[in-house]
Amino acid sequence: MITIVIPTKNEEAVLPRLLESIQHQTVQPHEVIVADAGSTDRTLDIARAYGATIVEGGLPGPGRNRGAEAAKTDFILFLDADVELRDPEFLERSLGEMLERRLDLATCDVVPLSDVWVDHALHRAYNVYVRACGSVLPHAPGFCMLARRDLHERIGGFDESVLFCEDHDYARRAAKAGTFGIIRSASIPVSVRRMERDGRLNIAVKYALGELHLALLGPIRHNRFRYTFGHRAEKSEQLQK
């Protein structure tokens with residue numbers, strides 16, 4: 001009934017925890033698809049060991065699209081490699097609520113995998129902001145998006161020309177074509193490793209500027225925000241301007 005799609009690039013450090021948490025879900029996905037962007041570490045070996053299907057990926061947007069193209073179920077859950085489904089009923093609760101509320105695209109509150117108080121404060125503020133925006137200005141982080149496959153296909157999937165905040169662009173187009181909502185019965189634990197690597201203030205400013213760009217200028221099709229994919233900095237490649 002549901003397929004999980006995970007875009008990856010050099011995720012050997014975190015992918016096992018996510019795949020292990022998926023195996024403990026009360027509702028099992030029909031398939032887990034890893035869309036890989038040329039990993040040079042053990043990412044692919046790990047994915048195969050857990051029985052995942054591997055397709056060729058790219059940046060997160062194109063990777064999610066390639067995974068969705070291979071999906072055969074009515075629902076697709078897009079996750080990033082650095083989240084964990086610590087609640088064994090996450091899939092059951094999320095999918096059940098989505099069906100009950102007849103949502104076409106859904107996300108949920110995010111909680112940091114961190115003991116640092118400022119991380120919890122920042123994530124709580126993000127949750128409040130996203131809920132306040134609602135379906136008028138929808139936000140759905142790419143690390144946790146549950147979509148009906150027919151909606152994904154109707155809007156043409158992720159716009160592969162969008163290089164930053166492609167997930168929020170997707171959510172806005174999806175909300176115009178279907179029904180968007182925020183799951184109340186589940187939350188998603190997410191890593192703070194990018195914040196630790198790039199700096200919390202730097203990340204906050206970058207995404208605030210991204211919000212302004214989306215609101216005033218539209219989708220971000222340039223790389224002035226210097227987005228990189230793949231956690232290992234020495235292995236990540238920046239897009240050219």
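Some points to look at:
Let's see how each residue does on (1) over 16 Å from the mean Cα position of the chain (by Cα); (2) at pLDDT 95 or above:
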{"position": "187", "(1), (2)": "no, yes"}
{"position": "190", "(1), (2)": "no, yes"}
{"position": "193", "(1), (2)": "no, no"}
{"position": "197", "(1), (2)": "yes, no"}
{"position": "200", "(1), (2)": "yes, no"}
{"position": "207", "(1), (2)": "no, no"}
{"position": "214", "(1), (2)": "yes, no"}
{"position": "225", "(1), (2)": "yes, no"}
{"position": "233", "(1), (2)": "yes, no"}
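- Scanning the range 92-106 finds one or more residues that are in contact (Cβ under 8 Å) with a residue 40 or more places away in the chain, touching a helix residue (DSSP H, G or I) at 6+ places or on another chain (Cβ under 7 Å) and not aliphatic (A, V, I, L, M).
- Matching entry among 171, 121 (being among the aliphatic types (A, V, I, L, M), under 17 Å from residue 207 (Cα atoms) and surrounded by fewer than 21 Cβ atoms within 10 Å (Cβ to Cβ)): 121
The values are calculated or read from the model by the stated rules, or taken from the named source; none is laboratory data. As the structure is a computational prediction, the values presented were derived from the model and not from experiment. Cβ: placed from backbone, ideal geometry, glycine included. Neighbour counts: every protein chain shown.
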